[in-house]
1. Which helices (runs of 4 or more DSSP H) does the stretch A:80-143 wholly contain that include 2 or more residues that are modelled with pLDDT under 90 and out of contact with any Ser or Thr (no Cβ under 7 Å at 6 or more places or on another chain)?
2. Only residues that are within 14 Å of chain B (Cβ to nearest Cβ) and either part of a strand (DSSP E or B) or in contact with a helix residue (DSSP H, G or I) (Cβ under 7 Å, 6 or more places away or on another chain) (or both): list them for the stretch A:8-23, please.
3. Out of B:GLU233, B:GLU247, which single residue is more than 7 Å from chain A (Cβ to nearest Cβ) and free of Cβ contacts under 8 Å to residues at least 24 places away in the same chain?
4. Name the one entry in B:PRO23, B:PRO41, B:PRO46 that is touching a His at 6+ places or on another chain (Cβ under 7 Å) and either in the same structural domain as B:PHE196 (by TED's automatic domain parsing) or more than 29 Å from A:ASP198 (Cβ to Cβ) (or both).
5. Go through the stretch A:315-329 residue by residue and tally those that are under 18 Å from the mean Cα position of the chain (by Cα) and either hydroxyl-bearing (Ser, Thr, Tyr) or closer than 20 Å to A:TYR504 by Cβ (or both).
6. Can you pull out the residues in the stretch B:51-70 that are buried (at least 16 other Cβ atoms within 10 Å of the Cβ) and in contact with a helix residue (DSSP H, G or I) (Cβ under 6 Å, 6 or more places away or on another chain)?
7. Checking A:LYS174 against (1) at the interface with chain B (Cβ under 10 Å from one of its Cβ atoms); (2) surrounded by fewer than 20 Cβ atoms within 10 Å (Cβ to Cβ); (3) touching a Gly at 6+ places or on another chain (Cβ under 9 Å), which single condition isn't satisfied?
Amino acid sequence: MVMTTSQMFESLGKNQAFLIHRHEISLAAFSVLRRNLRKLIMQLRGTDDIESIDLSERLQSTLSEWLTAPISFDELFLQSVQILGETSRVEARWGQDTRLLIEEAQAVAWSLFTSENPLRECLKGVISDLHERQRSFRISCHRNSLVHFISLDQPGLGGSLGNHVFIHSLNDYKQSDPFDALIKVGPLRSRGWGAVPDAFLSAPKFPVLIQVLWPGCMDEAGVGFDPVISLNEREGIESSGIAWSTEVISKVVGPPMGTDALPMEDELQIFREMGLALSSNTRNEKSLATRVQIDNDNCVFYHPHTGVPSFDPSPQAHQTIELRLPGETLKEGMYTIRTLFRQDVDLGDLKAEDGYFTRIWKAELNKVCKLDAQDVCEQLRNHGVNLVYLESAVEKWCAPPTTVIRSPQQIKHFKALIEVLGLNQSSDRNLGESGKEWWEHAWEEIRRSRGEAIQEGTLQQEIIRDQVLNILSEMLYEIRIHVAESDEFAVEIPPERGLKVTVYFNKIYSVEQGFRIPDGMFEKILERHRTEQWLS
Amino acid sequence: MPCDSAAAGFIALGAMRRRLEKPEAHDLGIHYERILALGKPDPDNPILIHKVERGEWEFAELIRYGGVRVKRADAAKKKNQKAVFSYGKSIIPDQAGDWYFLGEPQVTGSEPHYLNHYASLLEDAGNIHIQNLTRSDRMRGVCLVGRVAGECATLNLMNDVCFKAGGENRNLAELLTIDGWSSFGSSSGPVPRVSFVNSRFSDSITNHIRPSLVVVDGDQALLRVLVRSEFDECDIVCAYSRTVERERLEDLGAKLEHLSQWYSVDRDSLLAYPRSPRGIAISMLKKRISSWS
């Protein structure tokens, strides 16, 4: 239930002052780690090698998360640094400087391993204090970071970290009642990691904003933007009656590492500028896009003014299945609808339906990984799959196909995988007269599932899409059963309706505007970490 | 505004209420001019309806000493009806209010609606010119431009705001008297004193409607209004919520920046304005006047 206008004005009238408590936590070892990762990211980004850039993007994603979420210094943290692989191979590939950076980063990460992150400690203190004083509060965080916040919950916090406490989007904020304090880890930024709605500052439903963050992380200038307030400010006219004052509380934790004078840089700002610089060269070849995140790792871009087939599961929805505009009527909690035309593949005696190849290679991969995953990785390396984070990648590829097929991103890596699994040589599979090899059929299946392959002509697609949406409107009972069970599911259009179509439903985690992407990237499933570069 | 609200409706109602004080604020004059203009080529709406004698009427001739003669337009369609219509009817200024154009609301009503509500609406207001409550004012009065999500989005918000006066509850949508928003039938309901434009569609508004004030509901609707030539000569007030995505705020900011070539912040008026409630920010732009003019 959205609060009424009167309630909003009552709340604003009641809060005489608006305060930001900024808790800055310094930990020398973590500062060294940040610096080294930042340097690595910059070095790798400067290359023209796909894997280096991919690695750089992953590290950027990791570091951005560290700066905007209360991470634990646990195994996952350690693994994040170890994705760089063995240092001997790193030196061979990227040189001694890079190796030294990585070695130091890994050593520091080891030194932090299992110790308590002081930022988490501070955050627990803040929450516990609010809980004791019976103050209502909300926590602003990205949906992907939720797990770090949930893990903070302990008896002292009285189980106060229920779902209702978290604000992930502007829509969540609009739905929220007034409260006493908003907690935010990391700086206030308008886009990307740490992004918050401008309304937090320009239309606050709370008198106190508590920020817990690492040093150097600056709030982006202009967060809380409102065009009218900004217009008046230029004329020296104060207009909305909402003014924030900031109180900084600094805390230094742990021993110094000879790096007391280490200048703290604002990585999030650096990454943003890096992205802008990269995109400015090709700005004219890119289009405005809205990013719709469909699970923890993947997202799809849509044109902001193109209707997206979607399903709204809320009981209040007038029209459950229809085309909605991203950011305007397409919102978190709804489901995107993607259609895949099932194509039989002619295998001579038998015809294989969609998913046939994926089921086979995934089953085979799971089987061999259970026997010896290390050996699989070694063989893949011998076949030229030189991903430094190969172990974790293989683990992902083993995941069963759902609405997204987790697989190698590059065609040469996929071919190598199929060769290692011995499926190309499989004599008991007649591949018909297509002339294609087994791996090519399997790759085609993956491409189509990602929305990369052209399925039909545009007009024909539109006609079929409308037909599919009409049929789905008659299948609401079945769809609602799926919705109750899962955030992603597939529905097959009954064959008697004359369409060989599988419909994929994915719950929308977030809808974010402010991207400019190359035209070829629309409506494809992309790994989220790859897409930060397109923030406009 | 610090949240989604019916602010645009309040502004439109306040402006409409002020116009109720002005004896000349009604459509009768323009309405009669439109009737006279039926004799010219390509009138924007050639069909008239009489409040009592139903059926469609069209221009026959101008009367030498003033007025217009009209004849039945639907005679040809109704084979059974004979040519009793050849005499037609005359329309002179005093009778113009008995006629209205096909597809448009009536310009005069039989009784003044919502007098208690309008009378008690503003503390410092002047007296209402009571005849205005039975005369429409949609052609030169206030025009409300609805949000891009569609007419219902604006209407639903206005329906939720209730005013009580003289023991009677009326919602904002009713008090705005926009044609089609009233629960009354067209003949017994209030005459429209506010016109409405749906910003979702880009169809031009008809030529005869040239409001003096346009009140826009929402930032996106404002961006659409600012590129429409029909509103070039109007004063425009927009109410929007700050609780929208950054992209939208930036689009609006860019538009205001662009406008600053021709408009500047009206500091004097702004500073003379009473302080607004906390959370509401108001700015005013006025056209720059060239020092040569």
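The values are calculated or read from the model by the stated rules, or taken from the named source; none is laboratory data. Nothing here was measured: the structure is a model prediction, and the numbers come from that model. Quick reminder, even Gly has a Cβ in these numbers, built from the backbone with ideal geometry, and neighbours come from all protein chains shown.
1. Numbers: elements: A:87-94, A:96-112, A:118-132.
Where helices (runs of 4 or more DSSP H) fall fully within the stretch A:80-143 and carry at least 2 residues being modelled with pLDDT under 90 and out of contact with any Ser or Thr (no Cβ under 7 Å at 6 or more places or on another chain), they are A:87-94, A:96-112.
2. Answer for the stretch A:8-23, where residues must be within 14 Å of chain B (Cβ to nearest Cβ) and either part of a strand (DSSP E or B) or in contact with a helix residue (DSSP H, G or I) (Cβ under 7 Å, 6 or more places away or on another chain) (or both): just A:PHE18.
3. Working: B:GLU247 fails: more than 7 Å from chain A (Cβ to nearest Cβ).
After ruling out the rest, the residue left standing is B:GLU233.
4. B:PRO23
5. Count: 1.
6. Within the stretch B:51-70, B:PHE59, B:VAL68 meet the criteria.
7. Every listed condition holds for A:LYS174 apart from (3).
The rows are residues; the columns are (1) crowded, with 16+ Cβ neighbours inside 10 Å; (2) within 14 Å of chain B (Cβ to nearest Cβ).
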| position | (1), (2) |
| --- | --- |
| A:SER6 | no, yes |
| A:ILE25 | yes, no |
| A:ALA28 | yes, no |
| A:LEU37 | yes, no |
| A:THR47 | no, no |
| A:LEU59 | yes, no |
